Amino acid sequence: MFLIVALILIFIPFLTTVSAFFSFYKQFQMLQQNSYYPSRYFKWLKENYVPQLALLAIVWCLIASLKFSPLVFPLAISVVLLVVRIILFARCKKKSIKKLVFTNRVKRLYAVATVIFIALICLLFFGKDMVSEISFVLLTMFSVVSPLTVFVIWAVTYPIEKAVSRWYVNDAKKILREHKNLTVIGITGSYGKTTTKFILNRILSEKYNTVCTPQSFNTPMGVVRTVRESIKPNTQIFICEMGAKNIGDIKEICDIAHPKYGIITSVGKQHLETFKTEDNVFKTKFELADEVSKNGGVCFVNLDSDGINARITQRNDVVTFGDNTDYKAENMKFGADGSTFDLVLKGEKITVTTKLLGKHSVSDILAACTVAHILGVSPDDIRFAVGSLKATEHRLELKPFKNGSLLIDDAYNSNPEGCLEAVKVLSSFGGMKKVIITPGLIELGEREYESNYELGLAAAKYCDIIILVGKNRSKPMRDAISTTDFDKNNVYVVSSFKEGMEIYLPLADKNSVLLIENDLPDNYLN
């Protein structure tokens, strides 16, 4: 009997510990998707996890009471907890839009978690009475209430991560310092920066050996990683995308890269939850102009951006592009197959054709061509490069889809102006059944409802079928649609993009075109 009791006492901490590691997958996934900021992770917990935390607290109390209850009861609770967490783990891995990436940082989080649990188990079985009891309580609490453990692990690893980051940053700075002939071009903006980066890289590659930050690498560590892995002795130009959610973020990247040229594509209502005001967005984006000016270079800014146009009188050390400037696009013609227009680059006119869709694509091309012209790329090379452009992945990317239908993949677009432009692009497919799947827009602060309302109105105006993702998140769009005469039978509300696709696919045929607009990561869907 004693042996059985001993085995059960060993088995219960083991089961709860194993269940915790299954739970960590979702917790670390959300921590990662919230850029490892504990405040953002806590916000996700508050919105999505509070009821579960209450349930887990009850489970913890039941397990912790094993000294006062029959052992079979807490053992059964431990088994049930493990089974439930294994099921949730499998479901999370299968259904997650953006899965947990096992970076070195995530591996360190798991390593610290392992050390903590091993230490508590050792203290539980080999410590003195008081130490053993405290270890049991902590082990049970950390096992059952895994978000609490995540905060502890984050706090333990924070000094380590800061030291690792500092070493990587210093190494990247050293590489850039030693590369005397390297020209760095910084690109920022509320939207358009990633597409502009890839367009500029394609055009400049006609004359120079170029490197650009891949995908949406636009954080300090993303820039540092690119420098350390991709800058070679023969690299002539480094194109560096710079993202920001707070004042000072662009300056932090500029202090690493020290760009000589810059492009500011736009200032708009993006990340207002952290910036609070559009003036703060402007101030942050123009940290790039400040750095370029200090380095004796040139920063080009988009005068067609309302957020810039309204404030540009505050600056006289930048060169503008857009309507009524020396660098502009004229005679624009749009269609489902792309765009044709004239580039006017300080008096020199170049007629170009591109497969890229939408008016804002022309703006991105103009920005890149303006810099390429300044850096001596010939008109013929500019024309050829623009003609060979392919859509940036998940940004108004047109491709064949199921049952002969067409897909406009705009999954990475998350700004109000771009989303409205994408719906207008959808409307250009005349004679076809036009379908949109979208969860709407995020991180717009007080303007989020208004912007999603406008998106709902545009969808009602141009689409035949509207599929909205997220019952709570889609409410502003539903409110807007309800004010129109749009057929309510053609409006669907689903909980995931997978469910949206299940509605669309039976309707898809060669006369259908689907727009996927802003495929949000899991931490925003509700």
Handout entry: Euclidean distance of C-alpha centroids, segment 247-285 and segment 343-367, integer Å
Key = 25
Practice task
Enumerate by residue number the GluC sites (Glu not before Pro) in segment 445-526 meeting two conditions: DSSP loop (anything except H, G, I, E, B), and at most 16 other Cβ atoms within 10 Å of the site's Cβ.
Solution key: none
Fill in the blank from the handout: Treating only Lys and Arg (+1) and Asp and Glu (-1) as charged, each at its beta carbon, one finds that the chain has a dipole about its Cα centre, in Debye to the nearest 20, of 1420
Handout entry: Contour minus Cα-Cα distance for Asn295 and Lys402 (0.36 nm per residue)
Key = 33.4 nm
Problem - Sequence of Trp44, Trp167 from largest to smallest accessible area, 1.4 Å probe - result: Trp167, Trp44
Problem - Where labels lie 7 Å past Cα in the beta-carbon direction, separation of Thr340 and Asn490 in nm - result: 3.1
Handout entry: Value at 222 nm in deg cm²/dmol, rounded to 500, when DSSP H runs of n ≥ 4 in the chain each add -39,500 (n - 2.57)
Key = -17000 deg cm²/dmol
Handout entry: Cα-projected label distance for Ile118 with Val137, points at 7 Å along beta-carbon direction, nm
Key = 2.7
Exercise for the section: Express the carbon and sulfur contribution to the solvent-accessible surface of segment 220-357 as a percent, rounded to the nearest whole number, probe 1.4 angstrom. Expected result: 44
Problem - Summed side-chain charge close to Gly358 - residues other than Gly358 whose Cβ falls under 14 Å, Lys, Arg +1, Asp, Glu -1 - result: -4
Exercise for the section: Report the full-extension gain for the segment Ala155 to Lys251: residue separation times 0.36 nm, less the Cα-Cα distance, to one decimal in nm. Expected result: 31.9 nm
Handout entry: Packing rank of 331-340, 260-269, where each peptide gets the mean count of other beta carbons within 10 Å, highest leading
Key = 260-269, 331-340
Exercise for the section: Give, as a single signed number, the net charge of other residues whose beta carbon lies under 15 Å from the beta carbon of Asn511, with Lys and Arg counted +1 and Asp and Glu -1. Expected result: +2
Problem - segment 128-137 - phi-based ³J(HN,Hα) in whole Hz, Karplus 6.51/-1.76/1.60, Gly and Pro as x - result: 5, 3, 5, 4, 5, 5, 4, 5, 5, 5
Completion exercise
Residue separation between Ser378 and Thr351 times 0.36 nm, minus their alpha-carbon distance, gives in nm 8.4 nm
Exercise for the section: Read phi for every residue in segment 24-29 and hand back ³J(HN,Hα) as whole Hz from Karplus 6.51 cos²θ - 1.76 cosθ + 1.60, θ = phi - 60°, with x for Gly and Pro. Expected result: 4, 4, 5, 5, 5, 4
Fill in the blank from the handout: Given all pairs of distinct Cα atoms, segment 168-272 yields a Kirkwood Rh in Å of 13.7
Problem - Helix axis angle, 38-48 relative to the chain longest principal axis, alpha carbon, degrees - result: 70
Completion exercise
Projecting the Cα atoms of Ala368, Thr340, Val80 onto the charge dipole of the chain, where Lys and Arg contribute +1 and Asp and Glu -1 at Cβ, the residue farthest towards the positive end is Val80
Completion exercise
Once amide hydrogens are built 1.01 Å from N within the peptide plane, the residues lying 5 or more places from Val301 or on another chain with amide H under 5 Å from its amide H are Ile264, Val319, Thr320, Phe321
Handout entry: Hits among aspartates and glutamates - C-alpha to C-alpha of Lys26 under 16 Å, sequence gap 8 or more where chains match
Key = Glu47, Asp522
Exercise for the section: Could you let me know the centre-to-centre spacing of segment 199-230 and segment 386-433, using Cα atoms, in angstrom? Expected result: 25
Completion exercise
Quarter of the surface of the C-alpha convex hull for segment 347-487, i.e. direction-averaged projected area in nm², equals 11.0
Handout entry: Taking the chain and dividing mean pair separation by its residue count, relative contact order in percent (alpha carbons under 8 Å, at least six apart)
Key = 11
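The values are calculated or read from the model by the stated rules, or taken from the named source; none is laboratory data. Predicted model, so just to flag it, every value in this text is computed and none were measured. Don't worry about glycine lacking a Cβ; one is built from the backbone with ideal geometry, like all the others, and counts go over all protein chains shown. Quick note on the areas: whole protein, heavy atoms, side chains included, nothing else; ligands and nucleic acids left out. Shrake-Rupley method; radii C 1.70, N 1.55, O 1.52, S 1.80 Å.
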